[in-house]
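Accompanying notes for the structure given below.
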Amino acid sequence: MVRAFPQFTLTVATSLDGFIARAKDDAPQTWASPEEQALFFRDVEAADWAIMGRNTHLAADKPQRRRIIFSSKTEGWQRPNQLWCDPAEVTPRDLSERVSDHTPLQNGLILGGTRVHDWFLQHAAIHKVHLTIEPATFVNGQPVFSDQKGTDPLRIFTDRGFSVLSRSTLNAGGTEYFELAP
């Protein structure tokens, strides 16, 4: 049976200077606005599976959520709804096949971190981007993509061929939200 290729949405919150976290264990809920968090949970609820790296998973472990966790050290089903796999050994289509007996993967949510973003970009498998830019400056931290040159969060995506579909301001503090597509 031929399965349709799953669609993947990258949902990401950044600082004004283009970082997704101050450090590997810095969870966005500690610095993101309530409006961003509401959009984040909307995306989580709409997804069949969330895909993330080990550090992102450990920063906000949710045993009840369906997750595919990238790790080169751990493989297989670690919980009934959490599959660990080595990203060097799979393609985006493989992810769908590996979870098909549990819950089909049609709408995947890419949650990060940087190396997970890189993997999906390298596989041309980011179909939509939900980008929130918070009015915070980190100076240093975890970039959206490992090869990013600039610090303008929007240009990080437009320089890679993504176009803005919509833009809105989420609050009086200046949090901005963008929807982009390749």
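The values are calculated or read from the model by the stated rules, or taken from the named source; none is laboratory data. Because the structure is a prediction, the values reported are computed rather than measured. Note: ideal-geometry Cβ built from the backbone for every residue, glycine included; neighbour counts use all protein chains shown. These accessible areas exclude ligands, DNA and RNA; they are computed on the full protein's heavy atoms, side chains included. Shrake-Rupley method; radii C 1.70, N 1.55, O 1.52, S 1.80 Å.
Name the single residue, out of those in the range 143-167 being assigned to a strand (DSSP E or B) and open to solvent by less than 50 Å² (accessible area, probe 1.4 Å), that is farthest from D25 (Cα to Cα).
Filtering the range 143-167 for residues that are assigned to a strand (DSSP E or B) and open to solvent by less than 50 Å² (accessible area, probe 1.4 Å), the one farthest from D25 (Cα to Cα) comes out as S166.
Only residues that are of a type in the set (A, V, I, L, M), open to solvent by less than 20 Å² (accessible area, probe 1.4 Å) and outside any helix (DSSP H, G or I): list them for the range 99-114, please.
L105, L109, I110, listed by residue number.
Name the residue, out of N171, N140, that is open to solvent by 80 Å² or more (accessible area, probe 1.4 Å) and either part of a loop (DSSP other than H, G, I, E, B) or at pLDDT below 95 (or both).
After applying the criteria, what remains is N140.
When the residues of the range 7-51 are filtered to those that are assigned to a loop (DSSP other than H, G, I, E, B) and within 13 Å of the chain's Cα centre (by Cα), which remaining residue is surrounded by the most Cβ atoms within 10 Å (Cβ to Cβ)?
A47
Condition test on S100, is it of a type in the set (G, A, S) and touching a residue at least 40 places away in the same chain (Cβ under 8 Å)?
yes
Count, please, the residues in the range 52-98 that happen to be under 22 Å from Q142 (Cα atoms) and either in a helix (DSSP H, G or I) or of a type in the set (F, W, Y) (or both).
Adding up the residues that qualify gives 9.
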